[in-house]
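Taking it in order: structure first as structure tokens, then the write-up.
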Amino acid sequence: MNDLTTKIIAHRGASKLAPENTMYAFELGYKFGAEGIETDVQLTKDNIPVLIHDETVKRTTNGNGYVKDYTFDELSKLDAGSWFSPEFHNARIISLEEFLIWIKPKELYINIELKNNKIDYKNLESIVYDMLKNHRLLERTTLSTFNPNSVRRLLKYQNNIEVAFLTSKKKPNLVEYAKNLGANALHVKYRLVNPQLIEQAHDNNMPVRVYTVNNYKPMMHCFNQDCDGIFTDVPYKALTFRKLFQFKKQL
């Protein structure tokens, strides 16, 4: 890879300090200086892509039930912040469209995780892809998913957008497996990171990004391994530790 600087990507925004996947978390990630934002997309009853991690609204809102059983209008009325802290009581679930409008003028890498490994939403890939195309954001976006069938469905877009296979499972020849699915990037859980995986992926021109890295030692390990990016809930810490790593390297 040409640029060996490990990028700092705010995982669901700066989600240690603000409710995940809300504008509060995204704004904080941007203000801290993260180089990218990672978020999760599900589909509503009326086929609107919305930013929420869980298939249900119970953990992160004052509602109950599945995202897929709500219209976007119904979802947007839920309180998506008080679970985190009362000061965020007016946070709400936002649409992918709103997020793209916000991020477009900012120089930020975008990672959109398609949350279709438990509920395989019909046409999620094409709906998200078309929206990114309309906003002219394909070139700085990665679509990632745990769902191998979803990666295969994204194969037709591979020349226009980066597609990452997302995994936490050890698998022999993981790079080859991901390539055969149609992925051109690999997003892995931290414990899978080793020199052989990074080297093999980079030999195949596949970026490797690592989730979810929040502490000093794992961060330094990822920087030392020349990982292309880390997803972190604490981008402000990661940026400080990366500066320290770069300083030590110069000594």
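The values are calculated or read from the model by the stated rules, or taken from the named source; none is laboratory data. Keep in mind the model is a prediction, meaning the values are calculated, not measured. Every residue, glycine as well, gets a Cβ built from its backbone with ideal geometry; the counts of neighbours run over all protein chains shown. For accessibility, only protein heavy atoms count, side chains too; no ligands or nucleic acids. Shrake-Rupley method; radii C 1.70, N 1.55, O 1.52, S 1.80 Å.
Per-residue HN-Hα couplings for region 65-73, Karplus 6.51 cos²θ - 1.76 cosθ + 1.60 at θ = phi - 60°, whole Hz, x for Gly and Pro?
Working through the residues one at a time gives x, 7, 3, 5, 9, 9, 7, 4, 4 Hz.
Please list the non-local residues whose amide H lies under 5 Å from the amide H of LYS7, H modeled 1.01 Å from N, same-chain partners needing a gap of 5 or more.
For LYS7, whose amide H was placed from the backbone, the distant partners under 5 Å are GLY229, ILE230.
From the list [x] 0.98; [y] 1.04; [z] 1.11, can you say which value of Cα Rg over 2.2 N^0.38 Å was derived from the structure given?
Calculated Cα Rg over 2.2 N^0.38 Å: the matching label is [x].
Name the residue farthest towards the positive end of the dipole of the chain from the options ASN116, VAL234, TYR70, assuming +1 on Cβ of Lys and Arg, -1 on Cβ of Asp and Glu, about the Cα centre.
VAL234
Given the chain, what percent of its DSSP beta bridges are antiparallel, to the nearest 5?
If I count the DSSP bridges inside the chain, around 15 percent turn out antiparallel.
Could you run the Karplus curve 6.51 cos²θ - 1.76 cosθ + 1.60 with θ = phi - 60° over region 184-192 and give me ³J(HN,Hα) per residue in whole Hz, x for Gly and Pro?
Per residue, the Karplus-derived 3J(HN,Hα) values read 10, 8, 9, 10, 10, 5, 3, 5, 7 Hz.
For THR71 and GLN196, what is the calculated FRET efficiency with R₀ set at 45 Å and r taken between the beta-carbons, to the nearest 0.05?
Computed FRET efficiency for THR71 and GLN196 comes out at 0.40.
Kindly report the accessible area of the chain per residue (heavy atoms of protein chains, probe 1.4 Å, no ligands, DNA or RNA), in Å².
The answer is 48 Å² per residue.
With +1 assigned to the C-beta of every Lys and Arg and -1 to the C-beta of every Asp and Glu, and no other charges, what is the dipole magnitude of the chain about the Cα centre in debye, to the nearest 20?
The calculation lands at about 660 debye.
Distance between Cα centroids, region 1-39 to region 187-251: provide it in whole Å.
15
Extending each Cα 7 Å along its Cβ direction at GLU27 and ASN180, get the distance between those two points in nm, one decimal.
That separation, rounded to one decimal, is 4.8 nm.
Within the accessible area of the chain, what % is carbon and sulfur when the probe is 1.4 Å and the other protein chains stay in place?
For the chain, the apolar C and S fraction of the accessible surface comes to 48 percent.
Return the distance in nm (one decimal) between the two label points of a simple spin-label model at ARG59 and ASN90, each offset 7 Å from Cα along Cα→Cβ.
So the two model labels end up 2.8 nm from each other.
Over the chain, what is the relative contact order in percent, taking alpha-carbon pairs closer than 8 angstrom and at least six residues apart?
In percent, rounded to a whole number, it is 20.
Under 8 Å for C-alpha pairs, at least 6 residues apart: give me the relative contact order for region 1-149, rounded to a whole percent.
21
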